[in-house]
Amino acid sequence: MAFYENEVGTLIDEAKVQARVRDLGAEITRDYRGKDLTLVCVLKGSTVFAMDLARAIDLPLTMEFLGVSSYQGGTETTGEVRITTDVSTPMAGKHVLVIEDIIDTGLTMSFLLENLRARHPASVKVASLLEKPSRARAKVAIDYKGFVIDDVFVVGYGLDYAEKYRNLPFIGVMKGK
Ligand code: 5GP
């Protein structure tokens, strides 16, 4: 029995996640052909999605990492967003695609978009694996969306609960939460 089976149930299985990521990669490949594409991965939750998505994009691209803190380790947002690790190169003139694990209230992404737009990139778009529309507090347009989910706390495929479960290959829900 796998270590997580008593704690986590499956919401979206591995095959569905992989198929959707491949489709998003193909769409991004079509949209950015001939452009200077920079993926900005939001740490830590989007890393697994970002690495799979990057490999599904058939274009030359560069990758940057941006650390933000919006959660304090529990399951509720505080609304307070702070950049903890910044990208390592200037964003001016680049076609930036921000990669996020989940848009919940939208507060983190709207803060990030405002921050990145102030650096004068050629364009900024958003790819998010998941969206929880029922929780939206700030309006964010998601250009490449994996799945829309109900208001449940999800883990796996990069998403954590108290820093655990990021390595599950599927999207799961905590049992009893
Ligand atoms: P927002 O600012 O949109 O409310 O929150 C975005 C961030 O909250 C996500 O990047 C993620 O880190 C965290 N988050 C929101 N919902 C969930 C969830 O269901 N599971 C996990 N593990 N993190 C979540």
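The values are calculated or read from the model by the stated rules, or taken from the named source; none is laboratory data. Computed from a predicted model, the values in this text were never measured in an experiment. A quick note on method: Cβ atoms are made from the backbone with ideal geometry, for glycine too, and the neighbour counts reach across all protein chains shown.
Structure above, values below:
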| quantity | calculated |
| --- | --- |
| Residues satisfying the stated conditions in the stretch 11-49, i.e. of a type in the set (Phe, Trp, Tyr) and under 17 Å from the mean Cα position of the chain (by Cα) | 49 |
| Checklist (1) without any contact (Cβ under 8 Å) to a residue 60 or more places away in the chain; (2) part of a loop (DSSP other than H, G, I, E, B); (3) over 30 Å from residue 176 (Cβ atoms) applied to residue 105, failing item | (3) |
| Test: residue in the stretch 73-94 that is part of a strand (DSSP E or B), away from the ligand (no atom under 13 Å from the Cβ), modelled with pLDDT under 95 and surrounded by fewer than 19 Cβ atoms within 10 Å (Cβ to Cβ) | yes |
| Leading residue by the ranking (nearest to residue 47 (Cα to Cα)) among those in the stretch 156-166 that are in a loop (DSSP other than H, G, I, E, B) and more than 9 Å from the ligand (Cβ to nearest atom) | 157 |
| Residue tally, condition in a helix (DSSP H, G or I) and surrounded by fewer than 16 Cβ atoms within 10 Å (Cβ to Cβ), over the stretch 1-19 | 5 |
| Residue 106 being out of contact with any strand residue (DSSP E or B) (no Cβ under 6 Å at 6 or more places or on another chain), near the ligand (Cβ under 8 Å from one of its atoms) and of a type in the set (Gly, Ala, Ser) | yes |
| Residue match in the stretch 134-155 (condition: part of a helix (DSSP H, G or I), away from the ligand (no atom under 11 Å from the Cβ) and surrounded by fewer than 17 Cβ atoms within 10 Å (Cβ to Cβ)) | yes |
| Selection status of residue 169, within 20 Å of residue 47 (Cβ to Cβ) and away from the ligand (no atom under 13 Å from the Cβ) | yes |
| Cβ pairs under 8 Å, 6+ apart, first in the stretch 157-175 and at pLDDT below 95, second among the aromatic types (Phe, Trp, Tyr) | 174/153; 174/161 |
